[in-house]
Amino acid sequence: MDEREEFAAGLRALAAAIETDPDLPLPDGRIALCVIAREDEAGCAQIDAVATALGVEASWAGDEMARYQTTAKFGPVYYEAFYCSRASMDRYRDRQSYCSNIETVA
């Protein structure tokens, strides 16, 4: 069994457990794929491929085109794929670099 078959079998097993055990809490219904790429063009191309496979559109979201994403809904379950732009990740790292210099007083 390859990785894709194992993953699909795991999803079916989870679905069976949810269906048969009313005491099992439901997850929030999202399956997320975070795409990692060295260049924005490659990351966006991967998201476009996912969108094409799912028959949906991909688009930029967030301030300053921070995140390229696509989402498909399967009943109450969402499959989301996203890519955070290099500029967005650089801004995040810049903001995080100040964290050790900030003291909070309770």
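The values are calculated or read from the model by the stated rules, or taken from the named source; none is laboratory data. In this text, all values refer to a predicted model and were calculated from it rather than measured experimentally. No Cβ is skipped: glycine too gets one built from the backbone with ideal geometry, and neighbour counts run over all protein chains shown.
Within the range 76-99, track down each residue that is under 18 Å from the mean Cα position of the chain (by Cα), among the hydroxyl-bearing types (Ser, Thr, Tyr) and not in a helix (DSSP H, G or I).
Selection gives TYR78, TYR79, TYR83, SER85.
When the range 1-33 is examined, which residues are found to be basic (Lys, Arg) and closer than 14 Å to PRO76 by Cα?
Passing the criteria: only ARG30.
Name the pairs whose Cβ atoms lie under 6 Å apart, with the first residue in the range 51-75 and part of a helix (DSSP H, G or I), the second surrounded by 13 or more Cβ atoms within 10 Å (Cβ to Cβ) and β-branched (Val, Ile, Thr), and 6 or more positions between them or separate chains?
ALA51/THR70
Does ILE102 count as more than 15 Å from the chain's Cα centre (by Cα) and β-branched (Val, Ile, Thr)?
Considered against the rule, which asks whether it is more than 15 Å from the chain's Cα centre (by Cα) and β-branched (Val, Ile, Thr), ILE102 comes out as yes.
Scan ALA45, ALA87 and give me the residue that is aliphatic (A, V, I, L, M) and either surrounded by fewer than 11 Cβ atoms within 10 Å (Cβ to Cβ) or at pLDDT 95 or above (or both).
Among ALA45, ALA87, only ALA45 is aliphatic (A, V, I, L, M) and either surrounded by fewer than 11 Cβ atoms within 10 Å (Cβ to Cβ) or at pLDDT 95 or above (or both).
What are the pairs with Cβ atoms under 9 angstrom where one residue, in the range 26-44, is under 11 Å from SER85 (Cβ atoms) and the other, located anywhere, is part of a helix (DSSP H, G or I) and charged (D, E, K, R)? Sequence gap at least six, or different chains.
If the second residue must be part of a helix (DSSP H, G or I) and charged (D, E, K, R), the pairs left are ALA37/ARG86; GLU39/ARG86; ASP40/ARG86; GLY43/ARG86.
Among the residues of the range 48-66 satisfying the criterion of being of a type in the set (D, E, K, R) and modelled with pLDDT of 95 or more, which is surrounded by the fewest Cβ atoms within 10 Å (Cβ to Cβ)?
If we take residues in the range 48-66 being of a type in the set (D, E, K, R) and modelled with pLDDT of 95 or more, then GLU57 is surrounded by the fewest Cβ atoms within 10 Å (Cβ to Cβ).
Kindly establish whether SER97 is polar (S, T, N, Q) and closer than 17 Å to ALA32 by Cβ.
No: the conditions fail for SER97.
Can you tell me which residue in the range 10-38 is farthest from SER88 (Cα to Cα), limited to those that are aliphatic (A, V, I, L, M) and touching a strand residue (DSSP E or B) at 6+ places or on another chain (Cβ under 9 Å)?
LEU11
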